[in-house]
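Notes follow once the structure below has been shown.
The values are calculated or read from the model by the stated rules, or taken from the named source; none is laboratory data. Please read all numbers here as calculations on a predicted model, not as lab measurements. Cβ sites come from the backbone with ideal geometry, for glycine too, and all protein chains shown count toward neighbours. Calculation scope for accessible area: heavy atoms of the full protein, side chains included, ligands and nucleic acids excluded. Shrake-Rupley method; radii C 1.70, N 1.55, O 1.52, S 1.80 Å.
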Amino acid sequence: MSKNTAKLANPNLETMSSDFLYHLDINVANTKDTSDIEHRFGDVRVICTGGTALRMRVLALYMRKVLGIADTSDPVDLCERGHRYAMFKVGPVLCVSHGVGSSTFSVVLHELLKLVKYARCQDPVFLRIGTCGGIGVPPGTVVVTKDAFNGLLRNEHEIAILGQRVVRPAQFPEDVIKNILAYGADPNDGFQTISANTMGTDCFYEGQGRTDGAICEYTDEDKMAFLQKCHDLGIRNIEMEASMFASVTQKVGVKAGDVCVTLVNRLAGDQVTITMDQKHDFEQRPFLVVGRYIKKLLQQ
Ligand code: R2B
Ligand code: URA
């Protein structure tokens, strides 16, 4: 089967002679000869992203084990000088932090998409490995996103561009979802991995219908009616990146998947009350699922 490099959706990139990926602190000095970038990143097949630098470092160490890479050195943060995001490279896998929410994630996502284009990476797959709130599923459930809804309960991503409201579709590719479930989930894991719709909001508190933020102008009944509406739409988890992530990757035709573990069942409460030990245990679960999926993907 023929392999593809990312095309992107910006004709200006063809006429720029250089491109500084500012937040990554990676300079593409000559866009007509990117052999240096290809040399550094051309083998990358999977770009894993997640909220924190620490979690991405732990994921990098875990991916060494999964891929059988015998390296005991401290993982090197390739973006350290950018002071914004952290990036670790483990063979053909990048592990990159994206911060909280679509606004911080979209900055690094644009630059990562340009990086894989300049590096001519073949069939790159972008994954988000995160945490979320659950709706009617036990805490610790791993959810692989199907359709991404925004905070208006629409299966789309809305963004202001040049003073206009621009709305784009927000679906993840079916084959990625299917393969994550087929190769990543194991019935003996001791937790459930499901595929379902996800709501990505721009606010952790009011945007997710919490009543424990600094502002709340609705009742508990309003909140429960909203969460029930989410449930009726097949939404089983709420986080803060899915609709942007789905829409940007869908727009440029790059494969992507969102794999998150629920920390709380929002039908039972708003506060995340699990212990830090439990949280660390839960955070390993998407690693397990994604690790198996990546191993299989790299064998193909
Ligand atoms: C899940 O957890 C973070 C907020 O606590 C956010 O990045 C998200 O989507
Ligand atoms: N992340 C979220 O965005 N919401 C939650 O409820 C938990 C984690």
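Taking a threshold of 32 Å on the Cα-Cα distance, which of the pairs Lys114/Lys178; Lys32/Lys178; Lys114/Lys223; Lys3/Lys229 fall above it?
Details: Lys114/Lys178 27 Å; Lys32/Lys178 37 Å; Lys114/Lys223 40 Å; Lys3/Lys229 41 Å.
Those over the limit are Lys32/Lys178; Lys114/Lys223; Lys3/Lys229.
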Dipole magnitude of the stretch 152-300 about its Cα centre (Cβ charges: Lys, Arg +1; Asp, Glu -1), debye to nearest 20: 700 debye
Among Phe88, Val100, Leu162, pick out the residue whose Cα is farthest towards the positive end of the charge dipole of the chain, where Lys and Arg carry +1 and Asp and Glu carry -1 on C-beta, about the Cα centre. Phe88
Lys, Arg +1 and Asp, Glu -1 on Cβ, resulting dipole of the stretch 119-174 about Cα centre, debye, nearest 20: 120 debye
Mean Cβ-within-10 Å packing, highest first, puts peptides 246-259, 162-175 in the order 246-259, 162-175
Hey, rough spin-label estimate for His39 and Thr219, points 7 angstrom out along Cα→Cβ, what's it come to in nanometres? 6.8 nm
Using bins 5 angstrom wide from zero, how does P(r) for the stretch 1-123 break down, in % of all Cα pairs? 2, 11, 20, 24, 20, 14, 6, 2, 0
Distant-in-sequence amide H partners of Gly257 (H built 1.01 Å from N, under 5 Å): Phe126, Leu127, Arg128
Sites Thr72 and Asn27 - FRET efficiency at Förster radius 35 Å, r taken between beta-carbons, to 0.05: 0.70
Across the Cα atoms of the chain, what radius of gyration and what greatest pairwise Cα-Cα distance (Dmax) are found, in Å? 19.0, 60
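Kirkwood hydrodynamic radius, the stretch 76-153, all distinct C-alpha pairs: what's the number in Å? List each step's numbers first, then the result.
Working: mean 1/r = 0.0672 Å⁻¹.
Kirkwood hydrodynamic radius for the stretch 76-153: 14.9 Å.
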In the stretch 129-300, taking the dipole from +1 charges on Lys and Arg beta carbons and -1 charges on Asp and Glu beta carbons about the Cα centre, the listed residue (Phe282, Val254, Gly213) farthest towards the positive end is Val254
Over the stretch 129-300, with a single point scatterer placed on each C-alpha, what log10 of the ratio I(q)/I(0) does the Debye formula yield at q = 0.08, 0.11, 0.18 1/Å? -0.24, -0.46, -1.14
Using a 1.4 Å probe on the protein heavy atoms, what percent of the accessible area of the chain belongs to carbon and sulfur? 51 percent
Keeping all protein chains in place, calculate the accessible area per residue for the stretch 129-300 (probe 1.4 angstrom), answer in Å². 46 Å²
Computed about the Cα centre, the charge dipole of the stretch 74-209 from +1 Lys/Arg and -1 Asp/Glu charges at the Cβ has a magnitude in debye, to the nearest 20, of 420 debye
Distance from the stretch 121-148 to the stretch 248-300 (C-alpha centre basis), Å: 5 Å
